[in-house]
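*Asks:* Sharing a structure with you now.
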Amino acid sequence: MEDALIKNQTRRDSNYDFGKDIIPSLLEEKKKLFAYEFNGYWKDCGTIDSYYDAQMALLEEVPEFDIFNKKNKIHSNTSSSVTKPHHVDVNGSVKQSLVANISYIGGHVTHSIISNDAYIGKNAVVEDSILLPGAKVLNNAVVKYSIIGENSIIHENSYFIGTKDHIKIIGDLQSFKPKGKELIS
Amino acid sequence: MKNITGIISADYLVSSLKTLTKDRGIAALPFGSKYRMIDFPLSNMANSGIVLVGLIVPSNFGLLVEHVGIGKEWNLDKKTGGIFILPGSSIDYRNPEGKFLLNDLKQNQNFTDSITDKYILISATSKVFNINYRDVLKSHIDNNSEITLVYKESFSEFCKSDYSAEMDSSGRIIHLDTSSDNSNNCILDTILINTDIFQKLVQNYDGYEYLDLMKIIADNTLKYKVYGYEFKGYVAVFNNIESYLTANQGLLNDEVRNGIFNLTRPISTKMYDIPPTKYTKSAEISNSLVATGSTIKGSIKNSIIFRNVLIEEGSKVENALIMQNCTINKNSKLKNAIMDEHSSLSENTEVIGDEASPMLIDKNKHL
């Protein structure tokens, strides 16, 4: 392996990629390469659609990928020791969703993934969406078929709506203020 | 703040909490969806920069020591400083509810004699609040005080058997009593004391080990400079099953929750890697606090839900507190109740307590 890497480094026509260059070069040299068949669940989250679909699949009654399995726990960073529980307010509601710590839910959440420290204001609606850590959907805003980036804000009274085939996205640390038709009258 | 050593006193009984503290003591009692009582003084100390903490444990210390571990979550896993487990005196039969028994301190004289910091901050574990001990130290130094007691004004009705203080206009405590009608300043089980005075007091009362440190301070308000420090934030207290439930539900108030879970001084707790809480199509939830790892298929109202709780379809939970690893099976009802860890309600069961005196379901009970 080391030899193959060193050789490859000097080649000008290389993509410097394991799949495209290194492994094929080892094959050419007739090294002993074997395959191992993995039979468990796997999903490549390399595109927006597959990233979205993979998360939404967790909302099935019995998801194919069981994150609740106590035997094969998925470990995460240590910040969970300082995070408070999430709070669903008097007029809030949550259905068919996953909700992590710290989050505040004052509005209505359906079929969505709510990460740590997300904020859903009063009368706000979040459907078929993913809120990344620290994302905020302020009062009366409506978010559907969207992914809201970390610490981004969807301002009051705004529509942020994608479709099933076209998931709408806002990146990290962004702010979305309504204008014209995006404003709820 | 490397000039303060912390001592947390957890070796006392709160008999009015019945079976809630029987096997675990007050320090390991769950509070607020994912915490145990010890998390509050321990986090306060860590957030105030205290790096050496002695924890006096009760005889039933198993869960407490497992929870605290080597203090990693409070950044106390250190080579200099750290958390020291100090054995309690297994409750002196003459004074089982004394929070700062001299016997407990005496028994750990190896630890207390070795303290080189100028001050000792001693706290019990029965009250929930988020305080910056640096502010207490500043007031202690400004007053040129030898002992400073943290108190809450107009609060005595909530902490009946606790000490309350009477002060002169300079803030110096002139009278300290458990049954004072003249003052309404409840001492919050928090003592900042000069290390030399502490060591002197422990020595002077040789032979009186059944006494409580607070009683000794009360007897010496003329001899030493004892000042009060007023804590203005929110304090949750409870001394029976009813107030334990209401104190927990207090966290449903935004102001209370934001005061106790102050973002700049976070309350830490033992970490578990658990998934988010899952709500299904049939879930209904209103005004509740929920920790992670739970599955909610039924309905919840005005309740506090801990980690890894399963609430099945058709079930109704109202005005209740459900501790970790409990299960409410299908079509059951839990109202005005507290459910201790690892318990369950079977299908079609109703447990409805009185609003004024909630029902308590013990640990590992399956109804």
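The values are calculated or read from the model by the stated rules, or taken from the named source; none is laboratory data. Predicted model only: the values in this text are computed from it and were never measured. Positions of Cβ are generated from backbone atoms using ideal geometry, with glycine treated the same way; all protein chains shown enter the neighbour counts.
*Asks:* Could you list, in sequence order, all residues of region B:250-279 that are in a loop (DSSP other than H, G, I, E, B), at the interface with chain A (Cβ under 7 Å from one of its Cβ atoms) and surrounded by 19 or more Cβ atoms within 10 Å (Cβ to Cβ)?
*Replies:* Hits for region B:250-279 are B:261, B:268, B:269, B:275, B:276.
*Asks:* (1) closer than 26 Å to residue B:337 by Cα; (2) touching a strand residue (DSSP E or B) at 6+ places or on another chain (Cβ under 9 Å); (3) of a type outside the set (Val, Ile, Thr); (4) free of Cβ contacts under 8 Å to residues at least 40 places away in the same chain: which one isn't true of residue B:219, the others all being true?
*Replies:* With respect to (1) closer than 26 Å to residue B:337 by Cα; (2) touching a strand residue (DSSP E or B) at 6+ places or on another chain (Cβ under 9 Å); (3) of a type outside the set (Val, Ile, Thr); (4) free of Cβ contacts under 8 Å to residues at least 40 places away in the same chain, residue B:219 is out only on (1).
*Asks:* Just one of (1) facing chain A (nearest Cβ under 8 Å); (2) within 16 Å of the chain's Cα centre (by Cα) trips up residue B:239, so point out which.
*Replies:* (1)
*Asks:* Can you go through A:147, A:105 and tell me which one is aliphatic (A, V, I, L, M) and under 13 Å from the mean Cα position of the chain (by Cα)? Don't jump to the end; show me each part of the working.
*Replies:* Working: A:105 fails: under 13 Å from the mean Cα position of the chain (by Cα).
Result: A:147 is the single residue among A:147, A:105 that is aliphatic (A, V, I, L, M) and under 13 Å from the mean Cα position of the chain (by Cα).
*Asks:* For region B:280-302, name all the residues that are more than 7 Å from chain A (Cβ to nearest Cβ), surrounded by fewer than 24 Cβ atoms within 10 Å (Cβ to Cβ) and within 26 Å of the chain's Cα centre (by Cα).
*Replies:* Scanning region B:280-302 gives B:293, B:301, B:302.
*Asks:* Restricting attention to region B:318-330, which residues are in a loop (DSSP other than H, G, I, E, B) and either within 14 Å of chain A (Cβ to nearest Cβ) or buried (at least 18 other Cβ atoms within 10 Å of the Cβ) (or both)?
*Replies:* B:323, B:324, B:325, B:326, B:329
*Asks:* While we're looking at this one, here's another question. Report, by residue number, each residue of region B:171-209 that is in a loop (DSSP other than H, G, I, E, B), in contact with a strand residue (DSSP E or B) (Cβ under 8 Å, 6 or more places away or on another chain) and free of Cβ contacts under 8 Å to residues at least 60 places away in the same chain.
*Replies:* Residues satisfying the conditions are B:171, B:178, B:180, B:182, B:183, B:184.
*Asks:* Another one. Yes or no: region A:57-68 includes at least one residue that is at pLDDT 90 or above and surrounded by 17 or more Cβ atoms within 10 Å (Cβ to Cβ).
*Replies:* Yes, region A:57-68 has at least one match.
*Asks:* Return only the number of the condition from (1) within 13 Å of chain B (Cβ to nearest Cβ); (2) free of Cβ contacts under 8 Å to residues at least 24 places away in the same chain; (3) closer than 30 Å to residue B:268 by Cβ that residue A:61 does not satisfy.
*Replies:* Evaluating residue A:61 over (1) within 13 Å of chain B (Cβ to nearest Cβ); (2) free of Cβ contacts under 8 Å to residues at least 24 places away in the same chain; (3) closer than 30 Å to residue B:268 by Cβ leaves (3) as the failure.
*Asks:* Then there's this: Considering every residue within region B:79-97, establish whether at least one is of a type in the set (Val, Ile, Thr), in a strand (DSSP E or B) and surrounded by fewer than 23 Cβ atoms within 10 Å (Cβ to Cβ).
*Replies:* Within region B:79-97 (the criterion being of a type in the set (Val, Ile, Thr), in a strand (DSSP E or B) and surrounded by fewer than 23 Cβ atoms within 10 Å (Cβ to Cβ)), the answer is yes, since at least one residue qualifies.
*Asks:* Sticking with this structure for a sec: Would you list the strands (runs of 3 or more DSSP E) that sit entirely within region A:83-158 and hold 1 or more residues that are under 28 Å from residue B:36 (Cα atoms) and facing another protein chain (nearest Cβ under 9 Å)?
*Replies:* Because the criterion is at least 1 residues that are under 28 Å from residue B:36 (Cα atoms) and facing another protein chain (nearest Cβ under 9 Å), the strands (runs of 3 or more DSSP E) in region A:83-158 that meet it are A:86-88, A:93-95, A:97-99.
*Asks:* Can you give me the number of residues within region B:236-268 that are touching a Lys or Arg at 6+ places or on another chain (Cβ under 6 Å) and under 23 Å from residue B:73 (Cα atoms)? Spell out how you get there, then give the answer.
*Replies:* Our first condition is that a residue be touching a Lys or Arg at 6+ places or on another chain (Cβ under 6 Å); within region B:236-268, this holds for B:237, B:251, B:261.
If we keep only those that are under 23 Å from residue B:73 (Cα atoms) too, we end up with B:251, B:261.
Residues flagged as touching a Lys or Arg at 6+ places or on another chain (Cβ under 6 Å) and under 23 Å from residue B:73 (Cα atoms) within region B:236-268 amount to 2.
Listed here are the residues, each with its yes/no results for (1) aliphatic (A, V, I, L, M); (2) at pLDDT 90 or above; (3) under 17 Å from the mean Cα position of the chain (by Cα).
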residue: B:50; (1), (2), (3): yes, yes, no
residue: B:70; (1), (2), (3): yes, yes, no
residue: B:79; (1), (2), (3): no, no, no
residue: B:87; (1), (2), (3): no, yes, no
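*Asks:* Output yes when any residue across region B:276-283 is modelled with pLDDT under 95 and of a type in the set (Phe, Trp, Tyr), and no when none is.
*Replies:* no
*Asks:* Which residue is farthest from residue A:84 (Cα to Cα), if the candidates are limited to region B:303-317 and must be within 14 Å of chain A (Cβ to nearest Cβ), more than 25 Å from the chain's Cα centre (by Cα) and charged (D, E, K, R)?
*Replies:* By that ranking, first place goes to B:313.
*Asks:* Can I ask one more? Of the residues A:16, A:36, which single one is touching a helix residue (DSSP H, G or I) at 6+ places or on another chain (Cβ under 9 Å) and not polar (S, T, N, Q)?
*Replies:* On the way: A:36 fails: touching a helix residue (DSSP H, G or I) at 6+ places or on another chain (Cβ under 9 Å).
A:16 is the lone residue from the list that is touching a helix residue (DSSP H, G or I) at 6+ places or on another chain (Cβ under 9 Å) and not polar (S, T, N, Q).
*Asks:* Also: Got a number for residues in region B:45-73 being farther than 21 Å from residue B:107 by Cα and surrounded by fewer than 24 Cβ atoms within 10 Å (Cβ to Cβ)?
*Replies:* Selection size over region B:45-73: 13.
*Asks:* Of the conditions (1) crowded, with 24+ Cβ neighbours inside 10 Å; (2) more than 14 Å from every other protein chain (Cβ to nearest Cβ), residue B:333 fails just one. Which one is it?
*Replies:* If we test residue B:333 against (1) crowded, with 24+ Cβ neighbours inside 10 Å; (2) more than 14 Å from every other protein chain (Cβ to nearest Cβ), just (1) comes out false.
*Asks:* Only residues in region B:341-367 that are on the phi > 0 side of the Ramachandran plot and part of a loop (DSSP other than H, G, I, E, B) count as the first member; pair them with residues that are at pLDDT below 95 and crowded, with 16+ Cβ neighbours inside 10 Å, Cβ under 7 angstrom, at least 6 apart or cross-chain, and list the lot.
*Replies:* B:342/B:363
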